[in-house]
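Enquirer: My structure is below; once you've seen it, I'll send some questions.
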Amino acid sequence: MMSGIFDSKFVTDQLNSIWYGLNYTSYNCFYTFLFSLRKQGWKNIPRKGPVLLVANHQSFLDPIAVGLTACRELSYLARKSLFKKPFLDIYLKSVGCCPVDLEGVAKEGIRSTLDLLSNGRAVLVFPEGTRSEDGLMQDLKPGIQLLIRKSNAIVVPVGIAGAHEALSRDNFWPTLCPIFMDGNRGSIGVSIGAPIDAKVLADLPREDSLKLLQDSINREIIHAEHIRRKK
């Protein structure tokens with residue numbers, strides 16, 4: 001038992017968890033006070049084992065918003081170009097980001113996600129492949145079904161509402177919605193749905209599988225819109 005405590009991997013994992021917790025606390029304050037973040041459904045994420053969270057993608061704010069809603073540490077995919085910036089690469093890796101050429105479910109993204117899932121991680125992916133231009137959910141890339149079939153991980157749908165208004169892909173500065181001021185533009189809601197058995201999705205024809213998954217995400221988007229701040 002004592003030898004396990006002083007094992008280098010054990011120590012590293014504990015330090016990473018502490019660092020993740022500090023970031024969680026900081027970002028939770030930031031998103032709650034400045035974007036009036038409201039969230040629900042975190043109990044739908046299994047506490048252990050490989051989990052694939054699939055969400056709509058409205059904004060750069062999405063990964064952190066989902067991470068703050070989850071009940072466990074998440075891993076994320078991030079563009080490899082971000083890791084070339086001084087100190088940013090160290091920070092991104094420290095909070096669970098994995099570098100890939102393209103986000104979403106392209107070939108490299110699938111391979112990286114499978115590696116993370118094989119180690120029992122919970123991984124957030126955006127099966128649209130990129131941020132929506134108008135805030136509406138786009139068609140899912142077919143690679144998501146391949147990922148689900150190969151991983152056999154629990155699939156959890158996630159809906160995000162309001163992030164496009166808070167920071168769209170065309171804007172550099174966010175629109176804030178402080179909890180101490182009136183207004184709702186810039187408020188964010190996140191809803192996590194009930195888990196879906198990967199076998200159900202994997203056994204369906206591709207189009208039916210994608211439709212079932214997209215319908216599940218859209219249902220959570222409606223829930224997220226319902227809970228987010230209105231005034």
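Enquirer: If you take the alpha carbon radius of gyration of the stretch 66-143 and divide it by 2.2 N^0.38 Å, what ratio comes out, to two decimals?
Expert: That ratio works out to 1.12.
Enquirer: Using the count of nearby Cβ atoms within 10 Å as a rough guide to exposure, how do S17, S168 rank from fewest to most?
Expert: S17, S168
Enquirer: Another question, if that's okay. Among K211, K150, K85, which one shows the biggest mean-square fluctuation in a GNM of the chain, springs joining Cα atoms closer than 10 Å?
Expert: Looking only at K211, K150, K85, the biggest GNM fluctuation is shown by K85.
Enquirer: Neighbouring Cβ atoms within 10 Å as the yardstick, rank R228, R185, R149 fewest first.
Expert: R185, R149, R228
Enquirer: Compute and list, largest first, the equivalent-ellipsoid semi-axes of the chain from the alpha carbon gyration tensor, each √(5λ) rounded to a whole angstrom. Walk me through the intermediate numbers first.
Expert: Values: eigenvalues 133, 113, 59 Å².
The answer is 26, 24, 17 Å, longest axis first.
Enquirer: Grab the DSSP H runs of the chain that are 4 residues or longer, score each as -39,500 (n - 2.57), total them, divide by all residues and round the 222 nm result to the nearest 500 deg cm²/dmol. Can you show the working numbers first?
Expert: Working: 9 runs with 100 residues, N = 231.
Computed ellipticity for the chain at 222 nm equals -13000 deg cm²/dmol.
Enquirer: Another question about this same structure. If you add up the charges near D134, with Lys and Arg at +1 and Asp and Glu at -1, over every other residue whose beta carbon is less than 13 angstrom from its beta carbon, what do you get? Mind dumping the intermediate values first?
Expert: Details: positive: R131, R169; negative: E128, E133, E165, D170.
So the environment of D134 carries a net charge of -2.
Enquirer: Could I ask something else about it? Quick one: in the stretch 71-195, what % of C-alpha pairs are over 20 Å apart?
Expert: Roughly 53 percent, rounded to a whole number.
Enquirer: Once each part is reduced to its C-alpha centroid, what is the distance from the stretch 148-193 to the stretch 77-132 in angstrom?
Expert: A separation of 18 Å, based on Cα centres.
Enquirer: Pick from D62, D89, D13: which is most flexible by mean-square fluctuation in a GNM of the chain where alpha carbon atoms under 10 Å apart are linked?
Expert: The residue with the greatest mean-square fluctuation here is D13.
Enquirer: Another one. Taking the inverse of the average 1/r across all pairs of different Cα atoms in the stretch 17-70, what Kirkwood radius in Å do you get?
Expert: So the Kirkwood estimate lands at 12.3 Å.
Enquirer: Next question. Could you check which residue among D115, D197, D170 shows the biggest mean-square fluctuation in a GNM of the chain with a 10 Å Cα cutoff?
Expert: D170
Enquirer: Among R131, R47, what is the fewest-to-most ranking by other Cβ atoms within 10 Å?
Expert: Ordered from fewest to most neighbouring Cβ atoms within 10 Å, R131, R47 come out as R47, R131.
Values quoted throughout were computed directly from the atomic coordinates according to the rules given, and no laboratory measurement underlies them. Since the model is a prediction, treat every value here as computed from it, not as a measurement. Methodologically, a virtual Cβ is constructed for each residue, glycine included, from the backbone with ideal geometry; neighbour enumeration extends over all protein chains shown.
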